[in-house]
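Okay, so here's the structure we're looking at.
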Amino acid sequence: MELHVADHPLIRHKVTVLRDKRTPSPTFRLLVDELVTLLAYEATRHVRVDAHEVETPLTTATGTKIADPAPIIVPILRAGLGMLDGMQRLIPSAEVGFLGLKRDEETLEAVTYANRLPDDLTGRQVFLIDPMLATGGSLIMAIDYVLQRGATDVTCVCLLAAPEGIQNVQDAVGDRADVTVVVAQVDEKLNEQGYIVPGLGDAGDRLYGVIGD
Ligand code: PRP
Ligand code: URA
């Protein structure tokens, strides 16, 4: 598994305002949307493309076009839904699937209540989106669903992640597939209730490295 922690002052600024309990809901939603757009730029760095010719007013130009089959974006409901617009803005041709997962707050295990994924994801690049990666249970379950359907190339886009959850995802994925986690910020740790404790630790750097190194 590969981890990219977005090391960018604009992203750090927006995450800080996002965390502020005084931030009104409309601003919160706008910030989520902006952050996803910035993260999506990095997350789509290896999106598959084909050569494509277009007629310009002067001559024929060869460029690139997102390859078929188009990627699929899968928001993990409910919170992941708030990230969908931002991802679709960058890859409007992507298909969309849905996974409804709910973390049981007693056991901290993810429970599935909805699954609208295509049966066959062979050859499809998958973008899983969920703002929080806490214990990693929800993301691991989502990754398992798409790998079972034949996906081999999975990128997870999250806003905040706990180091323990990242490690759990890495352990669960092993060498089964190419999985990348793109995250705005890695926080300090999980608390006893499995919630992410804010803190600008160096866990991201220590674990795997930082974009822009
Ligand atoms: C949150 C979050 C993740 C999950 C993270 O969703 O959006 O899906 O918890 O926790 P984990 O890494 O320990 O699994 P939640 O289950 O609260 O559902 P919701 O989005 O419907 O509120
Ligand atoms: N859900 C949240 O909103 N935060 C966490 O840290 C874990 C689950």
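Some values worked out for this structure:
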{"read-out": "Square roots of five times the Cα gyration tensor eigenvalues for region 32-71, Å", "value": "27, 14, 7"}
{"read-out": "Exceeding the 30 Å Cα-Cα cut-off - candidates Lys102/Lys189; Lys65/Lys189; Lys21/Lys65", "value": "Lys65/Lys189; Lys21/Lys65"}
{"read-out": "Charge sum, other residues only, whose C-beta stays under 14 Å from Pro92's C-beta, Lys/Arg counted +1 and Asp/Glu -1", "value": "0"}
{"read-out": "Whole-Hz ³J(HN,Hα) from phi, Karplus 6.51 cos²θ - 1.76 cosθ + 1.60, for region 60-77, glycine and proline x", "value": "8, 10, 9, x, 10, 9, 4, 6, 8, x, 4, x, 10, 9, 10, x, 8, 6"}
{"read-out": "Packing rank of 112-123, 20-31, where each peptide gets the mean count of other beta carbons within 10 Å, highest leading", "value": "112-123, 20-31"}
{"read-out": "Residue-span extension gain [Leu30 to Gln193] - 0.36 nm each, minus C-alpha spacing", "value": "55.8 nm"}
{"read-out": "Region 48-153 - charge dipole about Cα centre, Lys and Arg +1 at Cβ, Asp and Glu -1, debye rounded to 20", "value": "160 debye"}
{"read-out": "Amide H contacts under 5 Å for Phe127, placed H, 5+ residues apart", "value": "Ile72, Ile73, Val74, Thr155"}
{"read-out": "Debye intensity ratio in log₁₀ form over the Cα atoms of region 126-177, taken at each q of 0.28 Å⁻¹", "value": "-1.18"}
{"read-out": "Cβ-placed point charges (K, R +1; D, E -1), dipole of region 1-114 about Cα centre in debye, nearest 20", "value": "500 debye"}
{"read-out": "Selection from Ala177, Leu159, Leu18, by position along the positive dipole direction of the chain (Cβ)", "value": "Leu18"}
{"read-out": "Dipole axis of region 22-68 (+1 Lys, Arg; -1 Asp, Glu on Cβ), positive-most option in Ala67, Ala43, Leu30", "value": "Leu30"}
{"read-out": "Relative contact order of the chain, pairs being alpha-carbon contacts under 8 Å that are 6 or more residues apart, as %", "value": "24 percent"}
{"read-out": "Expected-Rg normalisation [2.2 N^0.38 Å, Cα atoms] applied to region 74-213", "value": "1.01"}
{"read-out": "Computed [θ] at 222 nm, helices only, for the chain once each DSSP H run of length n ≥ 4 contributes -39500 (n - 2.57)", "value": "-9000 deg cm²/dmol"}
{"read-out": "Accessible surface, the chain, averaged per residue in Å² (probe 1.4 Å)", "value": "53 Å²"}
{"read-out": "Area projected by the alpha carbon convex hull of region 30-118, averaged over all directions, nm²", "value": "8.0 nm²"}
{"read-out": "Electrostatic dipole magnitude of the chain [Cβ: Lys, Arg +1; Asp, Glu -1; Cα centre; debye, to 20]", "value": "620 debye"}
{"read-out": "FRET efficiency for Leu38 and Asp171, using Cβ-Cβ distance with R0 set to 35 Å, rounded to 0.05", "value": "0.80"}
{"read-out": "Taking only Cα atoms of region 12-164, radius of gyration then Dmax in Å", "value": "17.3, 65"}
{"read-out": "Selected from Gln125, Gln148, Gln88 as most flexible by GNM, with the chain as the system and alpha-carbon contacts under 10 Å", "value": "Gln148"}
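The values are calculated or read from the model by the stated rules, or taken from the named source; none is laboratory data. In this text, all values refer to a predicted model and were calculated from it rather than measured experimentally. Methodologically, a virtual Cβ is constructed for each residue, glycine included, from the backbone with ideal geometry; neighbour enumeration extends over all protein chains shown. These area figures cover heavy atoms from the full protein model, side chains too; ligands, DNA and RNA do not enter into them. Shrake-Rupley method; radii C 1.70, N 1.55, O 1.52, S 1.80 Å.
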